Amino acid sequence: MHPLTKILCFILVLLLISMLDNLMLFSLMMLSFVMVLSLRVLTFLHTVRRMRWLLLSILVIYAFGTPGELIPAFSVNFAPTYEGLQSGLVQIEKLLIALAALSLLLTSSPREQMMLGLYMLLIPFRFAGLNIERFAARLMLTLNYVEELAAKDKNNFSFRQLDEIDASIESLPQANMVSFQKLPFGLIDKIMMFLLLAIFIFMIYRGFA
């Protein structure tokens, strides 16, 4: 599948999770988990483990901060609500779906192909004055530079070094310059484009109906 098609699918998933009901949202989360586990995308599991406290915080904030019917097992003066627990679980489901979709997107194609898809997605912004060639190239070089820094010294690597990356990119040798190789759209890409367009039109119709 073409990287542009994958990026459009990812964007569509992000739009869908804000419109689906609870049952369909849960089904989409289960489908995402099956796809992630079948493809052995370990980065998703590592990300979820690192975000466990954030997910727990979301559940607690919604459970104790949303008005509704109190759960009788807790103290009357300080108890979560059924509506809060449901809202918190829905937000966690949305976040997990987005993380699973992002993990599938980043692991299904090489980084160069992802940059090609991003470049093609940004082509319409060329008419607004955005230099998409420079933007895509600098993004690719930035990712490469971050990876090199992390590989050189993982213990001393800090995100504070990101402030120095933009100034350092200009001095990179020409051998590290990025070139995009165009990929043809296959039959599956054309079918997916048609389906994505149909779903997007249906979402707009449903939003105004």
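Brief remarks follow.
- Packing, taken as the mean count of other beta carbons within 10 Å per residue, orders the peptides 26-39, 46-59 from highest to lowest as 26-39, 46-59.
- Estimated at 0.36 nm per residue, the fully extended path between Phe125 and Thr66 surpasses their Cα-Cα distance by 17.2 nm.
- Residue order by solvent-accessible surface for Thr81, Thr107, Thr66 is Thr107, Thr66, Thr81, largest first, with ligands and nucleic acids left out and a 1.4 Å probe.
- FRET efficiency estimate (nearest 0.05) - Cβ-Cβ, Ser27 to Ala79, R0 41 angstrom: 0.85
- Between Glu133 and Ala98, full extension at 0.36 nm per residue minus the direct alpha carbon distance yields a gain of 9.8 nm.
The values are calculated or read from the model by the stated rules, or taken from the named source; none is laboratory data. Since the model is a prediction, treat every value here as computed from it, not as a measurement. When we count neighbours, we look across all protein chains shown, and the Cβ atoms used for this are built from the backbone with ideal geometry, even at glycine. The accessibility values were calculated without ligands, DNA or RNA, using every heavy atom of the protein model including side chains. Shrake-Rupley method; radii C 1.70, N 1.55, O 1.52, S 1.80 Å.
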